[in-house]
1. Being of a type in the set (S, T, N, Q), under 30 Å from A165 (Cα atoms) and surrounded by fewer than 16 Cβ atoms within 10 Å (Cβ to Cβ) narrows it down to one residue among S79, S101, S134; which is it?
2. So E60 clears everything in (1) touching a helix residue (DSSP H, G or I) at 6+ places or on another chain (Cβ under 8 Å); (2) surrounded by fewer than 18 Cβ atoms within 10 Å (Cβ to Cβ); (3) closer than 27 Å to K197 by Cα except one condition, right? Which one?
3. I'd like to know if segment 150-162 contains one or more residues that are over 19 Å from L128 (Cα atoms), at pLDDT 95 or above, outside any loop (DSSP other than H, G, I, E, B) and in contact with a Ser or Thr (Cβ under 8 Å, 6 or more places away or on another chain).
4. Taking F168, is it under 17 Å from Q263 (Cα atoms) and surrounded by 14 or more Cβ atoms within 10 Å (Cβ to Cβ)?
5. What tally of residues in segment 8-60 results from selecting those that are under 14 Å from P185 (Cβ atoms) and of a type in the set (A, V, I, L, M)?
6. Return a yes/no flag: does segment 233-245 have any residue that is of a type in the set (F, W, Y) and under 20 Å from the mean Cα position of the chain (by Cα).
7. Somewhere in segment 1-22, is a residue at pLDDT below 95, surrounded by 16 or more Cβ atoms within 10 Å (Cβ to Cβ) and either under 24 Å from E102 (Cβ atoms) or polar (S, T, N, Q) (or both)?
8. Got at least one residue in segment 4-11 being on the phi > 0 side of the Ramachandran plot and more than 9 Å from the ligand (Cβ to nearest atom)?
Amino acid sequence: MKILNNTGEKNYRTKKKYGQNFLENKVILEEIFSYADINKTDTVIEIGPGLGFLTESLAEKAGQVYAFEIDDDLVKILSEKFSKVENLKIIHTDFMDYDLSEIVEKEKNIKVVANIPYYITSPIVGKLIKYRDSIDEIYIMVQKEVAERISAVSPSSDISLLTHAVQFFGNAEYLFTVKKELFNPVPKVDSAFLGIKLYKDREYEKQIDEAEYFKYLKAAFSNKRKSLGNNMKNLGYDKQQTGSALEKTGKKPLARAEEFSVQEFIDFINALKDEK
Ligand code: SAM
């Protein structure tokens, strides 16, 4: 694709291995900022700035921006393009290898706004959630299907382990769809912009230990076609125990994991533990 930088127009060959599908559309950019309300008191983390289209607006709006880019060629282009922008730090690294505590310990009002590389969507979300005490809001472009799964409301066949793994820590919202034709090069699937507001009161974490929640969650989704009761056999519970816990949670005996919200699932686990 052709790109314009300080030294004129050049060709840039996108790299598939880094999930490079660039988005340079002013309408989408405006829509992004109608949800991600960024101002000068905010610090923004961007994963994968690419050619810097979103980055430019982020630096204009935010107090400080940290943009993580893995690609040597793009880092060169970005460094040149933004050489005079003082509140933007381009960090040349694999985002997954970077210790974010270096940033979160010194900054406040941290938000993430990014069109991320899709091949590492779950690892990125998982890493950001680890810093939930410091990161307030996450706004990311992801595959449409992933956004549907993460933001699904029960009962829904879109509900998976990923839904609960995110919604246990924050409120996830499907914000808007972005057609694949708007990206360059055009990917195979449509995308969606997703917002996650991380819970500061740790409402669910107060009710159940995180490790325990995930132990039950993994068992619950071990076979999506089976009922929750059946899947609980993996953890040593019999039909009578799960039946009684399901009844206490107000669910039918053959209920499946996809019919549960986070709160219902916590109630179910606690009722089940009483059966032991
Ligand atoms: N934000 C740009 C845009 O909207 O046009 C680019 C988005 S593109 C989907 C993903 C970007 O993430 C690419 O620039 C790619 O080089 C970068 N990237 C891929 N893997 C990465 C990683 N592990 N760490 C940091 N950046 C990565």
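The values are calculated or read from the model by the stated rules, or taken from the named source; none is laboratory data. Just so we're clear, the structure is a prediction, and the values are computed from it rather than from any experiment. Positions of Cβ are backbone-derived with ideal geometry, glycine not excepted, and every protein chain shown enters the neighbour counts.
1. Working: S79 fails: under 30 Å from A165 (Cα atoms); S134 fails: surrounded by fewer than 16 Cβ atoms within 10 Å (Cβ to Cβ).
After applying the criteria, what remains is S101.
2. (1)
3. no
4. yes
5. Count: 2.
6. no
7. yes
8. Taking segment 4-11 first, the residues on the phi > 0 side of the Ramachandran plot are 8.
Filter once more, so that each one left must be more than 9 Å from the ligand (Cβ to nearest atom): 8.
Yes, the conditions are met somewhere in segment 4-11.
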